[in-house]
Structures are given as structure tokens and as C-alpha cells.
Amino acid sequence: MSILFSNEILDSVKRELKNALSSVQIITAYCKESSFMRLNSYINDEVKEKRLLVRFRMDDILKGSTDFSIIECGIETGWQVYIRFDLHAKTYIVDNKRGLVGSANATNSGLNIGKNRNMEMATLVDIEPKDIEKINKLFDDAILVDDALLRKLKSQIDVVEANGQQKSIVGTRLL
């Protein structure tokens, strides 16, 4: 097991995603649509089980740390999208066998794409059955976004943005 630095993380994630046969799980506190769609483009169309878990707080959306649109585009591209309010993890799991665990969010900064790059570290690990049980529990305790919830979340964001209340709701959770 070796340590990967920023310039190696995207290459490793890309290689793992391209080799996926049955499942991909992305768990990330912050997620930007362009980065997510880039990761999605590496995945073979034959992979049917795709789960995305993101931290979802109103202030994350309003500050631009996470794009609200990743929920819609995730669902539209065949992902099950889950949200948690307490998530800080950054993990990319392929076929329940290999995973990249580290500090890199699914953002351009986190994945070393573009000009504004973060110094990130990660490691590629073999995933054991007991690890999958823990990961499944993480998803079980999260909220699966369906069409009704998506409409509710979008409505709440629209109201806040229309009223110009961004500064007064920092830390507020959606729902």
C-alpha cells in the first residue's frame, strides 16, 4: 500500500473506475457536477450498480462547495444518490474489492483538475467483506433521494436564494 499525492489520485481513480465490472460507490463530502461527470465518463456502461453519497447542507450549496445539480445529473445517469448531513469521508470503491481512501473530494480542487488544486493524499486499499458491511450501513443510515425529495430540496433552495437569505442560514440542514 503506497501513499498517493494529488497528481496521482485522479489517475488512480480513473484506472479503477475504468476497470469496474459491477459496482461503483463514491462517498464524498463535497461534489461538483463537472468533476462527477468526468468520473462517471470513465465507468463502463455495463456497470449497473452506482451509488453516490454526499454531504448535503444548505450552506454547502449556497457557498458553491457542492453543486445541487449533481443530484439531478446523478439520478439521470443511473446513480442512486444519497445524502447525509454529517459526512466528511472521501472514498471511491470499485466492485466492492478496491477502494481509494483519502482526502480528495469529488471536486476539481480535490482531484487536481484545473488551476485551483489542493494538496491531497490517499491510498488504494483492498476492501474486505467486513468493510462492505460498514459501507452498506453508511448508506443505510443516509437518505436516498427520490423525485419527491428532489423537488422539496430544490424548492427550499429556490426560496432561500429568492429571499437572499444565504448569510443567515449558514449551517442549516436541508429538509
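The values are calculated or read from the model by the stated rules, or taken from the named source; none is laboratory data. The model shown is predicted, which means the values in this text are computed figures rather than measured ones. Glycine also receives a Cβ, built like all others from the backbone with ideal geometry; neighbour counts cover every protein chain displayed. Accessible surface areas use protein heavy atoms only, side chains included; no ligands, DNA or RNA. Shrake-Rupley method; radii C 1.70, N 1.55, O 1.52, S 1.80 Å.
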(request) Test Leu4 against the criterion of being in contact with a helix residue (DSSP H, G or I) (Cβ under 6 Å, 6 or more places away or on another chain) and touching a residue at least 60 places away in the same chain (Cβ under 8 Å), and give yes or no. (result) yes
(request) Filter the range 85-124 down to residues that are part of a strand (DSSP E or B) and either under 13 Å from Phe5 (Cβ atoms) or touching a Pro at 6+ places or on another chain (Cβ under 7 Å) (or both), then give me how many there are. (result) 6
(message) Every residue in the range 104-156 that is under 17 Å from the mean Cα position of the chain (by Cα) and on the phi > 0 side of the Ramachandran plot, please.
(response) Asn112
(message) If a residue must be open to solvent by 10 Å² or more (accessible area, probe 1.4 Å), among the small types (Gly, Ala, Ser) and under 15 Å from Leu150 (Cβ atoms), how many such residues does the range 44-77 contain?
(response) 1
(request) Take the range 60-93 and flag every residue that is of a type in the set (Val, Ile, Thr), over 11 Å from Cys31 (Cα atoms) and within 12 Å of the chain's Cα centre (by Cα). (result) Val81, Ile83, Thr91, Ile93
(request) Report, by residue number, each residue of the range 16-28 that is touching a Leu at 6+ places or on another chain (Cβ under 9 Å) and either within 14 Å of Arg51 (Cα to Cα) or surrounded by fewer than 18 Cβ atoms within 10 Å (Cβ to Cβ) (or both). (result) Leu17, Val24, Gln25, Ile26, Ile27, Thr28
(request) Identify all residues within the range 129-175 that are more than 17 Å from Lys63 (Cβ to Cβ), outside any helix (DSSP H, G or I) and either of a type in the set (Lys, Arg) or at pLDDT below 95 (or both); write none if there are none. (result) Leu175
(request) Among the residues of the range 86-137, count how many are without any contact (Cβ under 8 Å) to a residue 12 or more places away in the chain, closer than 20 Å to Met37 by Cα and polar (S, T, N, Q). (result) 2
(request) Could you identify the single residue in Val94, Val101 that is crowded, with 20+ Cβ neighbours inside 10 Å, under 15 Å from Glu16 (Cα atoms) and not acidic (Asp, Glu)? (result) Val94
(request) Take the range 19-55 and flag every residue that is of a type in the set (Lys, Arg) and farther than 26 Å from Lys137 by Cα. (result) Arg38
